[in-house]
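A quick write-up on the structure given underneath.
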Amino acid sequence: MTTEFSRPHVTHFGYKNGELTVEKVAVSAIAQQYGTPFYVYSATAIRERVAQLRTALSDLNVQICYAVKANNNLSLLKLLVGEGCGMDIVSGGEMHRALTAGSPAEKIVFSGVGKTDDEIAAALHHGVHQLNVESVEELDAISRVAKQIGKVATIVLRVNPDVDALTHPKITTGTSKNKFGIAYSEALKAYADAAARAEINVVGIAVHIGSQITDVTPYRQTFERVAQLTKDIRAKGLTISRLDLGGGLGVSYDGSAGMDVDAYARTLRETLGDIDCELTMEPGRFIIAEAGALVTKVLYGKNQGNAKFSIVDAAMNDLMRPALYDAIHPVWPVREPAAEADAVRVNLVGPVCESSDTFGEFDNLPALERGDLVMLGVAGAYGATMSSTYNARPLIQEVLVEGDHYKLVRRQWTVEDALLLEQDL
Ligand code: LLP
């Protein structure tokens, strides 16, 4: 019986001469130089994803504003700025990173359900493209800050379309049970209210219904509601010139299909193709997830009852998604398994002192030994950005590969870095 070992299903990751490579670089060479664990990204894979979206949407003139929360590494942001992407941010920190990466402020959209007065003031000061407003109270705060500093705030209203995105409940954002946006039934009134304010320039509406969406149906329902609301706004004699369609396009964690971008584009064309508005979208995961991975080393093996464990040097603090959403990231051995090897059933776990510190139980890996390297795939999005220093573990290093070159784009934090924040206060 031949064993079906887990192998990369994403582009620019694969085996060459029995070695796992990212583009033309052997993963083991990076591990040897910098040690483990580390995140690694393929620049070419990122560029290709942007190009794929652009091609699918070419007739629709959509501005892609990359959702910085998915991965905010400065080098990756610079790469995306170089590709012509705008930025979708949700905090003053993300604004700072986006501007530092060279993003023009006019290409930054500021989303987020709880902006502080300071963040609003900074956004107005820098002249971001728009603030996406999520409540009437937030609109009041923006009015107040804009008047104080003598600016007119360009905004769109984020509307909650009450559509189920058919994804994990913790990353569903567009139903009436979620905290996001202004209720669809209230939106027209809120728009008229905003339009009546001298310090506010309301120009459109925004939606974002959730993340890791692989079916276009919820998008169709959402875009139909957006089209209707746009008509209702215009029927009141108000102007609307921008629509921000959010992100959410899903990727493949296991080789099954992610979002079909051509189907997405068709849906957009059919629902909003003739709406006569500037269109923006905010994809994060779609651009970066498959282009990144986490590389870790086996520290120990052990058996407990009937279960077999491989303890690796990466943990839940480095990649939260399994503990938080029961997400399964594929695991690829860095040395290609011999065809005649047997697969074993193994729990891949980290050193953190919680049973939730597990990457899952796998039955498609060869027997792993101390010192073996494995890669957790499709970890470019919501990996490094969601990591923490739990158990006083440092934030790990990040490496960017392009062709046969690679470079460290974030060094590993040290405990001294952390202690500096606490000493002599
Ligand atoms: N726009 C807004 C307003 C958002 O809230 C988000 C994601 C995006 C765009 C980008 O969504 P994407 O294209 O990446 O799906 N940590 C979770 C995902 C949380 C998504 C939060 N909002 C995970 O690891 O699955």
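The values are calculated or read from the model by the stated rules, or taken from the named source; none is laboratory data. Computed from a predicted structure; not experimentally measured. Glycine also receives a Cβ, built like all others from the backbone with ideal geometry; neighbour counts cover every protein chain displayed.
Among the residues making up region 9-53, those that are of a type in the set (Val, Ile, Thr) and either within 16 Å of the ligand (Cβ to nearest atom) or modelled with pLDDT under 95 (or both) are ILE46, VAL50. Close contacts from region 312-325, counting a first residue that is of a type in the set (Phe, Trp, Tyr) and a second that is part of a helix (DSSP H, G or I), with Cβ to Cβ under 6 Å and a gap of 6+ residues or different chains, come to TYR325/LYS170.
The set of residues from region 54-74 being of a type in the set (Val, Ile, Thr), within 11 Å of the ligand (Cβ to nearest atom) and either at pLDDT below 95 or assigned to a helix (DSSP H, G or I) (or both) comprises just one member, VAL68.
You will find that of ASN391, ASN364, the residue that is more than 16 Å from the ligand (Cβ to nearest atom), among the polar types (S, T, N, Q) and part of a helix (DSSP H, G or I) is ASN391 and no other. Residues in region 356-374 that are under 22 Å from the mean Cα position of the chain (by Cα) and either hydroxyl-bearing (Ser, Thr, Tyr) or surrounded by 22 or more Cβ atoms within 10 Å (Cβ to Cβ) (or both): THR358, PHE359.
Those strands (runs of 3 or more DSSP E) of region 86-156 in which 3 or more residues are modelled with pLDDT under 95 are absent.
Restricting region 86-106 to residues that are of a type outside the set (A, V, I, L, M) and touching a Cys at 6+ places or on another chain (Cβ under 7 Å) leaves a set whose member that is surrounded by the fewest Cβ atoms within 10 Å (Cβ to Cβ) is GLY86.
Checking each residue in region 37-67 for being within 16 Å of GLU290 (Cα to Cα) and among the β-branched types (Val, Ile, Thr) picks out VAL40, THR44, ILE46, VAL50.
Would you check if there is a residue in region 233-242 being more than 24 Å from ILE108 (Cβ to Cβ), within 12 Å of the ligand (Cβ to nearest atom) and surrounded by fewer than 20 Cβ atoms within 10 Å (Cβ to Cβ)? Taking every residue of region 233-242 in turn, none turns out to be more than 24 Å from ILE108 (Cβ to Cβ), within 12 Å of the ligand (Cβ to nearest atom) and surrounded by fewer than 20 Cβ atoms within 10 Å (Cβ to Cβ).
Within the option set VAL128, VAL113, VAL156, being within 28 Å of GLY258 (Cβ to Cβ), crowded, with 17+ Cβ neighbours inside 10 Å and within 16 Å of the ligand (Cβ to nearest atom) holds for one residue only, VAL156.
Are any residues in region 24-57 in contact with a helix residue (DSSP H, G or I) (Cβ under 6 Å, 6 or more places away or on another chain) and of a type in the set (D, E, K, R), and if so, which ones? Selection gives ARG49 alone. Among all residues of region 190-208, there is at least one that is under 23 Å from the mean Cα position of the chain (by Cα), assigned to a loop (DSSP other than H, G, I, E, B), modelled with pLDDT of 95 or more and within 16 Å of the ligand (Cβ to nearest atom). Checked against (1) within 30 Å of ASP313 (Cα to Cα); (2) buried (at least 17 other Cβ atoms within 10 Å of the Cβ); (3) assigned by TED's automatic domain parsing to the domain that holds ILE205, ILE120 meets all criteria but (1). MET375 meets the conditions (1) assigned to a loop (DSSP other than H, G, I, E, B); (2) within 20 Å of GLY18 (Cβ to Cβ) in every case but one. The failed one is (1).
Screening the candidates THR271, THR267, THR230 for the property of being of a type outside the set (Lys, Arg) and in contact with a Gly (Cβ under 9 Å, 6 or more places away or on another chain) yields one hit, THR230.
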